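Step one of this worksheet: look at the structure below.
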Amino acid sequence: MADIYNASEEQKEQVRMLIKDFLKEHDTSIYKLAKMLNEKYGRRSASVSNILNKLARSSFKVTELMDIVALFDCELKIVPKKQ
């Protein structure tokens, strides 16, 4: 059986800041985000408490992040690090 990937605390903080900064740049709160996700995708998992818990644990699925950025006409990309 494969080992489960465990993110470091530094990586978790990077994820939290990435999401918080993205929402701030788009003048959106967690509450607005939950409402938008529910209206667009009809997901029970998009409640305010679920989003706050995922943010605290840095446990968003990639598909959830893709849905979030799509709400703002953005896309999620993997790009090479700058040298």
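The values are calculated or read from the model by the stated rules, or taken from the named source; none is laboratory data. Treat the numbers as computed from the prediction; the structure is a model and nothing was measured. Cβ placement follows ideal geometry from the backbone for every residue including glycine, while neighbour counts extend to all protein chains displayed.
Return the residue satisfying two criteria in turn: it lies in the stretch 68-83 and is touching a helix residue (DSSP H, G or I) at 6+ places or on another chain (Cβ under 8 Å) and loosely packed, with under 13 Cβ neighbours inside 10 Å, and of such residues it is farthest from K40 (Cα to Cα).
Among those that are touching a helix residue (DSSP H, G or I) at 6+ places or on another chain (Cβ under 8 Å) and loosely packed, with under 13 Cβ neighbours inside 10 Å, it is L76.
Quick check on the stretch 1-51: of everything there that is modelled with pLDDT of 90 or more, small (G, A, S) and assigned to a helix (DSSP H, G or I), which residue is nearest to the chain's Cα centre (by Cα)?
This residue is A34.
Only one residue in Y5, Y31 is aromatic (F, W, Y) and surrounded by 11 or more Cβ atoms within 10 Å (Cβ to Cβ). Which one? Working first, answer last.
Values: Y5 fails: surrounded by 11 or more Cβ atoms within 10 Å (Cβ to Cβ).
From the options Y5, Y31, the qualifying one is Y31.
Find all pairs meeting these conditions: Cβ atoms under 8 angstrom apart; at least six residues apart or on different chains; first residue within the stretch 20-39 and more than 19 Å from R57 (Cβ to Cβ) and β-branched (V, I, T); second residue surrounded by 15 or more Cβ atoms within 10 Å (Cβ to Cβ) and at pLDDT below 95.
Hits for this filter: T28/M36.
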